[in-house]
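Report on one structure; see the data block that follows.
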There are 2 protein chains.
Amino acid sequence: MRPTTAAICMLTAALGAAAVRFPVPPASAANDPTWLLCGRLFHEEWYRQPLDHYDFKDTRTFQQRVLVNTDTVDWRAPVIFFYTGNEGDITLFANNTGFMCEAASEFGAALVFAEHRYFGRSTPDADLGFLSVQQALSDYAVVVDRFKASRAVPDAPVIAFGGSYGGMLSAWFRIKYPGVVDGAIAASAPILQFTGITPSDTFNDIVTRTFESSRAGCSHAIRSAFERIERTPTGTLETAFRLCKPLPGRQQLVDWISNGLAYEAMVDYPTEASFVQPLPAWPVNATCDAIMGDGCDDDPLSCFVAGVSVYFNSTGNAGPCNDIDVDSSPSLDEQGWDYLACTSMVMPMSSGPASMFPPQPWDFDAYSLACQQRFSVTPDATYAVREFGGNRLETASNIVFSNGVLDPWSGGGVLSSGNPSIVTIQIPGAAHHLDLRASDASDGAPVQEARRIHRASIRQWIRQARSRTPSMRRSVAVQ
Amino acid sequence: MRPTTAAICMLTAALGAAAVRFPVPPASAANDPTWLLCGRLFHEEWYRQPLDHYDFKDTRTFQQRVLVNTDTVDWRAPVIFFYTGNEGDITLFANNTGFMCEAASEFGAALVFAEHRYFGRSTPDADLGFLSVQQALSDYAVVVDRFKASRAVPDAPVIAFGGSYGGMLSAWFRIKYPGVVDGAIAASAPILQFTGITPSDTFNDIVTRTFESSRAGCSHAIRSAFERIERTPTGTLETAFRLCKPLPGRQQLVDWISNGLAYEAMVDYPTEASFVQPLPAWPVNATCDAIMGDGCDDDPLSCFVAGVSVYFNSTGNAGPCNDIDVDSSPSLDEQGWDYLACTSMVMPMSSGPASMFPPQPWDFDAYSLACQQRFSVTPDATYAVREFGGNRLETASNIVFSNGVLDPWSGGGVLSSGNPSIVTIQIPGAAHHLDLRASDASDGAPVQEARRIHRASIRQWIRQARSRTPSMRRSVAVQ
């Protein structure tokens, strides 16, 4: 993703119409019909789905991949944990959502990870027009129904899980399909990152705050560095940043750096991790330390290069030079996400006066033009709020919205709720959906507490689902 | 609609694949760009809509007709009353939903009647594939947003209204779009008339009960009459029922009679009305009186013919003979409803042992085959419950479900609710959405009480909408 400068890229159109993306971790599972994920053997199930759930005249179908593990199911009182796959290969999410696997043991639950249409191996042989949030949610509802029917567990409570875009989907799945889903853990789900609700500056303001909270003065140092870049000859910049190719303009370099820093804030985890890049523990600290180290007053450009290298080359193995045309997150399936961002999922981004990044307004017209050029589609900035409800959560229930305070996406997250059946958690010291990851010795008390709240909520939702009178239960069998 | 025997027609396929329909009143408004409806002058507004709300690559559009009257709006505290049009010309519903017009004066509300896509004049130049409940609901959400924007009333509370299929839509509109709709009056809305929830016999059992409650022994007399038809030579039947054409078989006659009797139960209003046919007050009484009159023991067939004629020829002007190939409800746009019934809206119907009609099982396979033959589509009996939630109303709020006790559709209606924010009303002596009609001197206390509850609910929902904190309000403006 390019949280900061994807918008900038869109505006300049210099790098094409790449849109704001959530981080997708690199693939790691073996190429095998069964998968060892989060310490368990999953098998693949394939669900034939209508390509278009809303047009019965279109009889085309595609095969959706679902990863299933039922090792820990208590078949006398079964529960279904259902991951609403996001914009990538589902193995990645299964492998990076260890919390679900741990909780499945505790609750006697089946683990069902459903891959999002048009991602991973669930790619229809059809144009992108059938890639939409609604179609994906209908896919998931069908999977739940068929999974229940195949195991003869029509009354099993279903808990949805998701992080990032997957978290948005899990929340909307509960909101739109309360007859299918009993509750949802929506981690780092910026369902408010839409026009008219969250100011477009917010994301970059939080990136700035995360850097500043790491070390006082760090954001100011970064802002100064960007200003210095504007005054520095491009040849000097090419040498200092060891660029593989001559710079067509400074903006490209600024975008590349900005992307790296924004990602760093997002994945500012307390442990070494390889979520989007191989990074040390607390990478933001490492960057600030490099930028603000001894002697940096004398050679600030070299220090800035070192700081930026924490993201792009912490291993030292990134190669002899930096190719800034390469996407700063080596994610899969970026085209699919960009298409969603160019249609219904317009999440405005800009850099305002409180940001450490160079100022950049949100320009919907330019964004729209870039989408037309790339995909021949025109985005609708009002669509998501109208279709998915925006911040009108009065009628929603049984959702936990968790957000890491370090995570710039938290700006578009649900941070408080006047609705007693919507639980919100802000996790100090946590980055992008840290709480969904497997427990780790390095976990601080706040993320442990978040997981405790998740478990308590799940327990309550299961109890509630089981207490429904039989007449309120829905049969999945055809009479 | 053919509440009883549409299913039978589907099964025999003798009359083609006509499906169960709700009654649509005959057209009455003049052919004019403004319309005098419910005593007010409405003007037409045309809303350009995407043909496919879920496929941004499909840029086709169509024009949706919306009838608007703002005479009684209090612009300092505006409210929007929004009718979710059903399967017919929207003028018909505006003209037969007088309650909305009366209440608009009381609440200072705008009247907005939105025509359902593929009906009336809102007919896209495209195949029926884009006719679906979801597309219709998205249309309505767009109309609300644009209506608000055009009048600069972003915070106006929106109350949805609908009767019959339109009532299902108004309920689902509130459930699926709680950010757009603040509450819904769903009258005679059989949202539970689906597989796995309501037994398929229920509709005809209630028709039977309605006849029996009109006069003890009436349903038995009708059952006997149907048995007698099986034993009577077709020539005798042709003469007795004054048929225009020779009968290919008795089943066609049985279907024709059954349709009429079922419609009669549906529109068993206390006043003369022309909702589906010109009928006297309490037509079921008139039919039972004819069937069970003096001398009927001697000539039961003639009495039965007279009883059936209450529906088909109460005016005596139906012509010299009866053409049983003509649809028993002269409704418009039946093809559109039949298409919905052949895709997502499968509402099973049969005649069981408690019915006064000849036994007829529900045969989904035969139904499906008829749909394939007529529309080249395959219905999905599980679809509506999965997509719209069935009886899982725990999370729903701000809906009144009203049902007339005489109305056979009440069997699939919501008659009780453990959810305090879902109000249910059963109206003794009332037929299909009598409560939505204009008040009348003949109204009994129960329907007056129903309307009182509607008003109290609307008042509460408006108060609740206005009490939302500004941060919970949704802006419809693009930033």
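At-a-glance table
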| read-out | value |
| --- | --- |
| The lone exception for B:Asp127 - which of (1) within 14 Å of another protein chain (Cβ to nearest Cβ); (2) touching a residue at least 60 places away in the same chain (Cβ under 8 Å) it fails | (2) |
| Residue in the stretch A:460-473 that is of a type outside the set (A, V, I, L, M, F, W, C) and either more than 14 Å from chain B (Cβ to nearest Cβ) or over 30 Å from B:Ile197 (Cα atoms) (or both) present | no |
| Answer residue from the stretch A:372-381, given it is part of a helix (DSSP H, G or I) and of a type in the set (S, T, N, Q) and is farthest from A:Leu415 (Cα to Cα) among those | A:Gln373 |
| Subset of the stretch A:367-378 (residues that are away from every other protein chain (no Cβ under 11 Å), surrounded by fewer than 16 Cβ atoms within 10 Å (Cβ to Cβ) and either in contact with a helix residue (DSSP H, G or I) (Cβ under 8 Å, 6 or more places away or on another chain) or under 17 Å from A:Ser258 (Cβ atoms) (or both)) | none |
| Some residue of the stretch A:382-389 being part of a loop (DSSP other than H, G, I, E, B) and free of Cβ contacts under 8 Å to residues at least 60 places away in the same chain | no |
| Filter result for A:Asp52 (farther than 25 Å from A:Ile175 by Cβ, touching an Asp or Glu at 6+ places or on another chain (Cβ under 8 Å), in contact (Cβ under 8 Å) with a residue 40 or more places away in the chain and surrounded by 15 or more Cβ atoms within 10 Å (Cβ to Cβ)) | no |
| Flag if B:Thr91 is under 17 Å from the mean Cα position of the chain (by Cα), more than 27 Å from A:Gly196 (Cβ to Cβ) and either away from chain A (no Cβ under 14 Å) or part of a loop (DSSP other than H, G, I, E, B) (or both) | yes |
| Index of the failed condition, B:Phe364 passing every other in (1) in contact with a helix residue (DSSP H, G or I) (Cβ under 8 Å, 6 or more places away or on another chain); (2) surrounded by fewer than 24 Cβ atoms within 10 Å (Cβ to Cβ); (3) within 8 Å of chain A (Cβ to nearest Cβ); (4) touching a residue at least 12 places away in the same chain (Cβ under 8 Å) | (1) |
| B:Ser397 within 18 Å of B:Gly183 (Cβ to Cβ), of a type in the set (S, T, N, Q), under 23 Å from the mean Cα position of the chain (by Cα) and modelled with pLDDT of 95 or more | yes |
| Qualifying residues in the stretch A:49-83 (those that are in a strand (DSSP E or B) and within 13 Å of chain B (Cβ to nearest Cβ)) - the one nearest to A:Phe93 (Cα to Cα) | A:Gln49 |
| Residue check for A:Pro348: assigned to a loop (DSSP other than H, G, I, E, B) and over 16 Å from the mean Cα position of the chain (by Cα) | no |
| For A:Glu394: the one exception among (1) more than 8 Å from chain B (Cβ to nearest Cβ); (2) part of a loop (DSSP other than H, G, I, E, B); (3) within 21 Å of B:Trp172 (Cα to Cα) | (1) |
| One residue from A:Ala114, A:Ala136 being within 15 Å of A:Phe173 (Cβ to Cβ), touching a Lys or Arg at 6+ places or on another chain (Cβ under 6 Å) and surrounded by 23 or more Cβ atoms within 10 Å (Cβ to Cβ) | A:Ala136 |
| Residue that is nearest to B:Val377 (Cα to Cα), among those in the stretch A:32-43 that are of a type outside the set (A, V, I, L, M, F, W, C) and touching a residue at least 24 places away in the same chain (Cβ under 8 Å) | A:His43 |
| Residue check, B:Phe173 under 25 Å from B:Phe22 (Cβ atoms), assigned by the TED database to the domain that holds B:Gln134 and not in a strand (DSSP E or B) | yes |
| Test: residue in the stretch B:347-357 that is more than 11 Å from every other protein chain (Cβ to nearest Cβ), more than 27 Å from B:Ser214 (Cβ to Cβ) and out of contact with any Leu (no Cβ under 9 Å at 6 or more places or on another chain) | no |
| Yes/no for B:Arg223 being at negative phi and surrounded by fewer than 22 Cβ atoms within 10 Å (Cβ to Cβ) | yes |
| Matching entry among A:Pro361, A:Pro283 (being under 23 Å from the mean Cα position of the chain (by Cα) and either at negative phi or aromatic (Phe, Trp, Tyr) (or both)) | A:Pro283 |
| Qualifying residue in the stretch B:422-443 (condition: modelled with pLDDT of 95 or more, over 21 Å from the mean Cα position of the chain (by Cα) and surrounded by fewer than 21 Cβ atoms within 10 Å (Cβ to Cβ)) | no |
| Wholly enclosed helices (runs of 4 or more DSSP H) of the stretch B:207-323 bearing at least 2 residues free of Cβ contacts under 8 Å to residues at least 40 places away in the same chain | B:218-231, B:234-240, B:283-291, B:300-312 |
| Residue match in the stretch B:92-105 (condition: among the aromatic types (Phe, Trp, Tyr), out of contact with any Asp or Glu (no Cβ under 7 Å at 6 or more places or on another chain) and free of Cβ contacts under 8 Å to residues at least 24 places away in the same chain) | no |
| Test: residue in the stretch B:40-48 that is modelled with pLDDT of 95 or more, buried (at least 17 other Cβ atoms within 10 Å of the Cβ) and within 14 Å of another protein chain (Cβ to nearest Cβ) | yes |
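So that you can scan it fast, the table gives a plain yes or no per residue for (1) more than 21 Å from A:Trp256 (Cα to Cα); (2) out of contact with any Ser or Thr (no Cβ under 6 Å at 6 or more places or on another chain):
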position: A:Pro300; (1), (2): no, yes
position: A:Val308; (1), (2): no, yes
position: A:Tyr339; (1), (2): yes, yes
position: A:Met356; (1), (2): no, no
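The values are calculated or read from the model by the stated rules, or taken from the named source; none is laboratory data. Quick caveat: nothing in here was measured; it's all calculated off a predicted structure. Positions of Cβ are generated from backbone atoms using ideal geometry, with glycine treated the same way; all protein chains shown enter the neighbour counts.
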